[in-house]
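For reference, the structure is listed below as structure tokens.
The values are calculated or read from the model by the stated rules, or taken from the named source; none is laboratory data. It should be emphasised that the depicted structure is a prediction, and the values quoted were computed from it without experimental measurement. Reconstructed Cβ throughout: ideal geometry from the backbone, glycine too, with neighbour counts over all protein chains shown. Remember, those area values only see protein heavy atoms, side chains included, never the ligands or the DNA or RNA. Shrake-Rupley method; radii C 1.70, N 1.55, O 1.52, S 1.80 Å.
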Amino acid sequence: MSDTWFAAIISGVVAAALTAVVTVYVERLKLRTEFKVESAIRLLLKHDKYRSRTFEKIQSYIPGYSDEELRKMLLRSGAICFDASNGEYWGLVKRNKQRLRSGTKKVRQADAG
């Protein structure tokens, strides 16, 4: 009887350890992917020719994410949303400070949660 308990305990510990290792590995891959996407977004928004881009244009470059997921990644990348009469524009805060001061564009407060 004690051999059965010992085998069960060892099996449980091994299963828990393997589950933990796999979970950590998968989460690291997800974070690495998100970091790369955020880096790509920053590069896209740092383009010399464009200070801001439409949400649809960004979505065409960064496919595979829902609208809200992409908006959260934009916020984490240091971007801010400007609602213009012809659509939703996003640009890096560093490159669009004059828009914030001038008040010519209405800044939409996006939910980061």
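Considered as a group, the residues in segment 1-53 that are touching a helix residue (DSSP H, G or I) at 6+ places or on another chain (Cβ under 9 Å) and not in a loop (DSSP other than H, G, I, E, B) include one that is most open to solvent (accessible area, probe 1.4 Å), and that residue is Glu34. A count restricted to segment 54-64 and to residues that are assigned to a loop (DSSP other than H, G, I, E, B) and exposed (fewer than 15 other Cβ atoms within 10 Å of the Cβ) stands at 2.
Of all residues in segment 77-113, those being assigned to a loop (DSSP other than H, G, I, E, B) and modelled with pLDDT under 70 number 8.
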